[in-house]
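Each remark here refers to the structure printed beneath this line.
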Amino acid sequence: MKQFDFVVIGSGIAGLSFALKAAKHGSVAVVTKRKRADSNTAWAQGGIACVSSDEDSFELHIRDTLEAGAGLCDEQVVRTIVTEGPERIRELVEIGLHFDEREVSGHRELDLGKEGGHSKRRVLHVQDVTGLEIEKTLLRELERSDNVQLLENHMAVDLITAGKLGFATEDRCLGVYVLDEETQAVETIRTDRLVLATGGCGKVYLYTTNPDIATGDGVAMAWRAGAVIANMEFIQFHPTCLFHPDAKSFLVSEAVRGEGGILRNSRGEDFMHRYDRRESLAPRDIVARAIDAEIKRLGAKCVYLDITHRSPEFLRERFPHIYETCLRFGVDMAKQPIPVVPAAHYQCGGIKTDVNGATTLPGLYAIGEVACTGLHGANRLASNSLLEGIVVAHRACEAAIRAQPPSHPARAIDLPEWQSGDVQNVDELVVIYHNWNEIRRVMWDYVGIVRTDKRLQRASARLRNLQREIREFYWNFKVSVDLLELRNLATVAALIVDSALSRKESRGLHYTLDHPQLVDSEFKHDTLISRT
Ligand code: SIN
């Protein structure tokens, strides 16, 4: 059995920031299921929203966040995260991150981007590869620490809790079982402070901007361990994913609209003014729904993002990654509008935590996209997530250090080894792939941007059947990454559907034709689910 003072699952901005700080106080393991840089963070294009100019203010950033969140943000959490942002940004700069600057009247200042729902320019960025640069900077710093073990190709299987070991008194997290993909052995890791930083669940949908790793592992494990999960119905669809048969998941950043990009329908009409006064820069829930409506109204396959009025030099300099990628797929964004469609992008709900990342299960913290702190409410304001990642990671680290080692009786016993019995290797991978595809198709068709009770009920029935089959698989075959991811996806899909079914109103990202109104009197609260 391995033992660490802190164990972090996930290696995006939140997990790495936590690990860097925790390493100054004890031993840290960072468990990551692929290579160290494989994370949602590395794919983030837009940047980090943070008040950093005289034209802006904390109050405006707070107001924009609350407005996007459609009545469900926790104002105190929003205030804390927004106001502590500049300090955390300074730390990123100190360890070598260079945000883009521009020349203004003979001096250099930050080149701030604009995205949907922001009333001011406040998005710090590094061209259109902000997340990748953050990831590289944090990893470089982490690799210098002697206190950190980075366990790549290790996938967390399940949390070990006192409750599961039969302790009837206060439950707590004691550690985690982890599958080493190379040896195929499941290791037992003990810790008093376990941090889930596993990101979101975009792969639960057929079309997503997320990388393949986004399979909802953290939410599924926390739910199985009895932690409270919140607001899973609020899945954000990014309005502009490149529409091309071979371009899997390629995001065209909202920053393109921030620099003047206009959405046009298949007739070439600028349509957003018919849906919102902020037009192409309205919050994402509104833009994604408008695109969905235009596509359905005109029987089209996609809409178009037109930024041909900006010069090729500007586009190449500001959006080199998007420019090159579109070109590879035969679209020169300087000369022609980019074909785009909405795709699943961000999980606004997650494991319920306070602003210090503490979950309802003692010893377990959750930070980043996997958590639901109350910042995003019913719809996340663009580029607020990287900000939440660094601010809450810092607070969670301070809270975890402050927390005294518990005097729980379970700490005195050896944790049991993983039991795989005499089960076989999975003989037919086709079953896993079939179930995976079925979940993603069901979620896309029945639990997408526009929902109805009937579609949600259909999805629920299908998912229950799939979950039964997957459970059988799980108990009869050796665990593998594919099987574990499938099991987690099915769990998270069911949590999304159950949460959506319980919200009989339309709010933020949850829009249903059967209940199109906002009903504050009944539903102005988080949707909470737990297993126990
Ligand atoms: C984007 O660049 O459009 C994505 C930014 C975000 O999701 O916050």
For the chain, the charge dipole (Cβ of Lys, Arg +1; Cβ of Asp, Glu -1; about the Cα centre) points to a positive end, and the Cα of Phe18, Leu194, Thr308 closest to that extreme belongs to Thr308
Per 10 Å bin from zero, what fraction in whole % of the C-alpha pairs of the chain is there, up to the bin with the longest pair?
4, 19, 30, 27, 15, 4, 1, 0
Among 254-264, 325-335, 174-184, how do they line up by average Cβ neighbours within 10 Å per residue, starting with the highest?
254-264, 174-184, 325-335
What distance in nm separates the two pseudo spin-label positions at Asp212 and Asn437, each 7 Å out from Cα along the beta-carbon direction?
1.6
Relative contact order in percent for the chain (Cα pairs under 8 Å, 6+ apart) equals 21
How large is the dipole of the chain about the Cα centre if only Lys and Arg carry +1 and Asp and Glu carry -1, each at its Cβ, rounded to the nearest 20 debye?
1060
Straight-line reach from Lys33: which lysines fall under 18 Å, measuring Cα to Cα and dropping same-chain residues less than 8 apart?
Lys2, Lys136, Lys203, Lys478
Taking only C-alpha pairs under 8 Å that are 6+ residues apart, what is the relative contact order of region 72-202 in percent?
12
Per-residue ³J(HN,Hα) for region 506-515, Karplus 6.51 cos²θ - 1.76 cosθ + 1.60, θ = phi - 60°, Hz, x for Gly and Pro
10, 8, x, 7, 9, 10, 10, 5, 6, 9
Residue by residue, what Karplus-based ³J(HN,Hα) values in Hz, rounded to whole numbers, does region 156-171 have, using 6.51, -1.76 and 1.60 with θ = phi - 60° and x for Gly and Pro?
5, 9, 7, 7, 9, 10, 4, x, 5, 8, x, 7, 7, 6, 3, 6
When the charge dipole of the chain is computed with +1 on Lys and Arg Cβ and -1 on Asp and Glu Cβ about the Cα centre, the Cα farthest towards its positive end, among Thr80, Gly46, Tyr207, belongs to Tyr207
Sort out for me the Cα centre separation of region 244-314 from region 101-127, rounded to whole Å.
22
In terms of the charge dipole of region 358-502, which places +1 on Lys and Arg and -1 on Asp and Glu at the beta carbon, the residue among Leu456, Gly368, Phe477 farthest towards the positive end is Leu456
Most packed first (mean Cβ within 10 Å per residue), the peptides 487-498, 141-152 order as 487-498, 141-152
For Gln347, distant residues with modelled amide H under 5 Å away:
Cys201, Gln236
Between the alpha-carbon centers of region 49-88 and region 189-243, tell me the distance in whole angstrom.
24
Helix-only mean residue ellipticity at 222 nm for the chain, each DSSP H run of n ≥ 4 adding -39500 (n - 2.57), per residue, nearest 500
-11000 deg cm²/dmol
What helices does the chain have that are whole DSSP H segments, at least 24 Å long along their own axis by Cα, and with mean Kyte-Doolittle hydropathy of 0.0 or more?
384-402, 481-502
Whole-Hz Karplus ³J(HN,Hα) for region 180-195, in order, using 6.51 cos²θ - 1.76 cosθ + 1.60 and θ = phi - 60°, x for Gly and Pro?
8, 5, 6, 8, 6, 8, 9, 9, 9, 10, 9, 6, 8, 9, 9, 10
Computed FRET efficiency, Cβ-Cβ of Arg267 and Arg224, R0 56 Å: what is it to the nearest 0.05?
0.70
Once normalised by the length of region 33-96, the mean sequence separation of its alpha carbon contacts under 8 Å that are 6 or more apart gives a contact order in percent of 30
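Any read-out appearing in this document is the output of simple, stated calculations on the displayed coordinates, not a laboratory observation. These figures come from a predicted structure and were not determined experimentally. For neighbour counting, all protein chains shown are included, and Cβ atoms are generated from backbone atoms with ideal geometry for every residue, glycine included.
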